[in-house]
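Enquirer: Please read through the structure below; I'll follow up with questions.
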Amino acid sequence: MKKTDLKKNDIVTLEIEDITNLGFGVGKINGAVVFVSSCVPGDVAEVRIIKAASSYYVGRVEKMLVLSDKRCDTRCGSDKCHSCALRLLRYEDELLYKENVIRSAFLKERLSDISVLPTVPSPRLTGYRNKAQYPVAKNKTGEYMIGFYAPKSHNVCEAAHCPMAPDIFADILEHLRSFFKAYNISVYNEKSGDGILRHVYLRRAEVSGEVLLVLVLNGDSIPHSDELVASVRAAFPEICGILINVNSEDTNVILGDEYITLYGKDYIVDELAGVSLKITAPAFYQVNCGTADLIYREARRLAGLTKSDTLLDLYCGAGSIGLSMAADAKEVIGIEIVDSAVECARYNAEQNGITNAEFYTGDAGGAETLLRSAEEKRGKKIKPDVVIFDPPRAGCSQDLIDYVVRLAPRKIVYISCNPTTLARDVRIMREKGYTTDTVQGYDMFPLTGHVESLVCLQKQTN
């Protein structure tokens, strides 16, 4: 059969050879790629072609002929949500998949001489997420749906009992569902702009157990707010704060800029890598504390700081990484774009008795301007010996890399949530005189196609 012979509704026998980060099995017919949901490498199935694009096909399993030994059908019960993209893959094969994702990214950047170490497993495989944001909708029968969006849509799939989240999140969501129903709280309609309730956002401290409940609203108030606070407080003493986040914009962005406290605190207190941390709702904080602890401790070892060293912590969030290394250094300077996170970082330094750390608000990409301003205030030059990168998925800008290279730190420790941009940035930094032998993957997100990576680059000396 030629590639051009395949058309919609054709049925083919397909052996699955690979899997994508979105959880689609990958097979080939005469060189033509076919993506099939609910399959893992090693499966063989009769597949109906449901989409014929110019360069690929999408299929649906009609009949499973051979089940792969890599398959595990017990990790997640949902077949619609797809947030657990690798839910059908055995965990040992998930780790191998993530190792290969990193390796492929580095090979594409012609960095084949850099060894990709085996992915470090997560200490917990379920219930590990300390943060979750759930869209809320009503189905055709008027029942409240709380979960995640189905792939490539804004249709909410019920996922209140997601295995990635702690059990208390499911209990809170069920309680809220009953409250919304009892008081007939309206749900936001994306087309008309009417309705109040958009998302439920939960954040939990791993060590203290404190929970922050945020209701994302199309407005600045929710009907029966007093009853809501009383009901939630009575049911969940772990909830230390109940907030409203105001988002009245026609946007796919979940959170607005304004927060209103209905009850208690607007933050939780947690502990990570030996540091007590205040975390507000908008502040960045790794979602898997167990894996984050492993990464931060290894990053500290790789940094190899001395008491005469200055550490520059870019994209510092609430200061967790820099503060965990402060005892090793002469001083720590952190930069973060979210102002409330910088306030948390300063508070966290004070609460931990750390006096050698300073934090500044601004885009890490504009570090040069910020450091010049800091130098004027301090009356002395800032010359970092070690730089920490922990950027968003887009990685570091060319301007930021150029600037940091001009600062000529002894080491650059790079924590990344995107192997593609990490490999790109490592290639650029290597061209500018920094080298590394290995990259280490960490499973920050079990059940998903995402992987965290850690690299330590050293300045080459002639």
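Enquirer: Stokes-Einstein D for the chain at 10 °C, 1.306 mPa s, Kirkwood Rh over Cα pairs, in µm²/s?
Expert: Here the translational diffusion coefficient equals 66 µm²/s.
Enquirer: Could you state how much accessible area residue 138 has, in square angstrom rounded to the nearest 10, with a 1.4 Å probe and all protein chains kept in place?
Expert: Number for this one is 90 Å².
Enquirer: If I compute solvent accessible area with a 1.4 Å probe over the protein chains, what percent of it on region 292-332 is carbon and sulfur?
Expert: Its accessible area is 51 percent carbon and sulfur atoms.
Enquirer: Between region 80-142 and region 256-320, what is the C-alpha centre distance in whole Å?
Expert: 22
Enquirer: Would you mind getting the Kirkwood hydrodynamic radius of region 152-259 from its Cα pairs, rounded to one decimal in Å?
Expert: One over the average 1/r among Cα pairs gives 14.7 Å for region 152-259.
Enquirer: Return the FRET efficiency for the residue pair residue 112, residue 167: r is the Cβ-Cβ distance, R0 is 41 Å, and the value is rounded to the nearest 0.05.
Expert: Result of the calculation: an efficiency of 0.40.
Enquirer: Distance from the Cα centre of region 416-462 to that of region 152-212, in angstrom?
Expert: 35
Enquirer: Skip the ligands, DNA and RNA, and give the accessible area per residue of the chain with a 1.4 Å probe, whole Å².
Expert: 45
Enquirer: Quick one: order 445, 180 from most to least accessible surface, probe 1.4 Å.
Expert: These residues rank, largest area first, as 445, 180.
Enquirer: Of 270, 69, which has the most accessible area with a 1.4 Å probe, and how do the rest follow in descending order?
Expert: Ranked from most to least accessible, the order is 69, 270.
Enquirer: Could you check the simple spin-label distance between residue 350 and residue 271, using points 7 Å along Cα→Cβ, in nm with one decimal?
Expert: Inter-label distance under the simple model: 2.2 nm.
Enquirer: What list of whole percents do you get for P(r) of region 376-462, with Cα-Cα distances grouped in 5 Å bins up to the one holding the largest distance?
Expert: 3, 14, 24, 23, 16, 10, 6, 3, 1, 0
Enquirer: For the chain, give me every cysteine whose Cβ has no other Cys Cβ within less than 4.7 Å, ordered by residue number.
Expert: Lone cysteines by the Cβ rule: 39, 72, 162, 240, 289, 316, 344, 396, 417, 456.
Enquirer: Normalised by the empirical 2.2 N^0.38 Å for globular proteins, what value does the Cα Rg of region 278-357 take?
Expert: It is 1.03.
Enquirer: If I take every Cα pair under 8 Å that is 6 or more residues apart in region 319-360, average their sequence separation and divide by the length, what percent do I get for the relative contact order?
Expert: 51
Enquirer: Calculate what fraction, in whole %, of the accessible area of region 405-462 sits on carbon and sulfur atoms when a 1.4 Å probe is rolled over the protein chains.
Expert: 44
Enquirer: A further question follows. Quick one: the Cα spread of region 207-271 along its three principal axes, in angstroms, biggest first?
Expert: 36, 30, 15
Enquirer: Using a 1.4 angstrom probe on the protein heavy atoms only, line up 64, 145 by accessible area, largest first.
Expert: 64, 145
Enquirer: Now for a separate question. Given the protein chains as shown and a 1.4 Å probe, how many square angstrom of residue 405 are accessible, to the nearest 10?
Expert: 30
The values are calculated or read from the model by the stated rules, or taken from the named source; none is laboratory data. Just so it is clear, the structure is predicted and the values come from calculations on it, not from any experiment. Neighbour counts run over all protein chains shown; Cβ positions are idealised from the backbone, glycine included. Just the protein is used for accessible areas: all its heavy atoms, side chains included, with ligands, DNA and RNA removed. Shrake-Rupley method; radii C 1.70, N 1.55, O 1.52, S 1.80 Å.
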